[in-house]
Amino acid sequence: MVKPTAITNNIRTLRFMADEMTQADLAEEVGLTRQTIIAIEQGRYSPSLEAAFKIAQALNTGLDDVFQYSPKAPGK
């Protein structure tokens, strides 16, 4: 079982707002595989900082509109 990351994202929503961009289109634009985009969207993988910036740029928005960091409360 893959442990979910503390980073959440709005990639799926933003892709659809960007002329219904496909996962494959986004992957090609940022230089990742479609499988990596799927894993990031599903919260199973945290992108590198460079990849995160490229994703935000490809979606024509700011990094903080794409990704959010929600650390777990201490003791949880």
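Estimated purely from DSSP H runs of n ≥ 4, each contributing -39500 (n - 2.57), the mean residue ellipticity at 222 nm for the chain is -12500 deg cm²/dmol once divided by its residues. Only one of the values (i) 15.6; (ii) 15.1; (iii) 12.7 was calculated from this structure for Kirkwood radius over Cα pairs in Å; name its label. Here the calculated entry is (iii). Surface composition of the chain: carbon and sulfur make up 52 percent of the accessible area, probe 1.4 Å.
FRET efficiency for Phe16 and Ser70, Cβ-Cβ distance as r, R0 = 25 Å, nearest 0.05? Write out the running numbers ahead of the final one.
Working: r = 23 Å, r/R0 = 0.91.
E between Phe16 and Ser70, to the nearest 0.05, is 0.65.
Could you give the size of the charge dipole of the chain about its Cα centre, using +1 on the Cβ of each K and R and -1 on the Cβ of each D and E, expressed in debye and rounded to the nearest 20?
On the way: 8 positive and 9 negative charges, 116 e Å.
With only Lys, Arg, Asp and Glu charged at Cβ, the dipole is about 560 debye.
What the phi angles of the stretch 48-64 give under the Karplus curve with 6.51, -1.76 and 1.60, with θ = phi - 60°, is a coupling list of 5, 4, 4, 5, 4, 5, 5, 5, 4, 5, 5, 8, 6, 8, x, 4, 6 Hz, glycine and proline written as x. Over the chain, accessible surface divided per residue gives 70 Å², non-protein components excluded, 1.4 Å probe.
The values are calculated or read from the model by the stated rules, or taken from the named source; none is laboratory data. The shown structure was predicted, so the numbers you read here are calculated from the model rather than taken from an experiment. Glycine gets a Cβ as well: all are built from the backbone with ideal geometry, and neighbour counts include every protein chain shown. Each accessible area value is taken on the protein alone, full model and side chains, heavy atoms only, with ligands, DNA and RNA left out. Shrake-Rupley method; radii C 1.70, N 1.55, O 1.52, S 1.80 Å.
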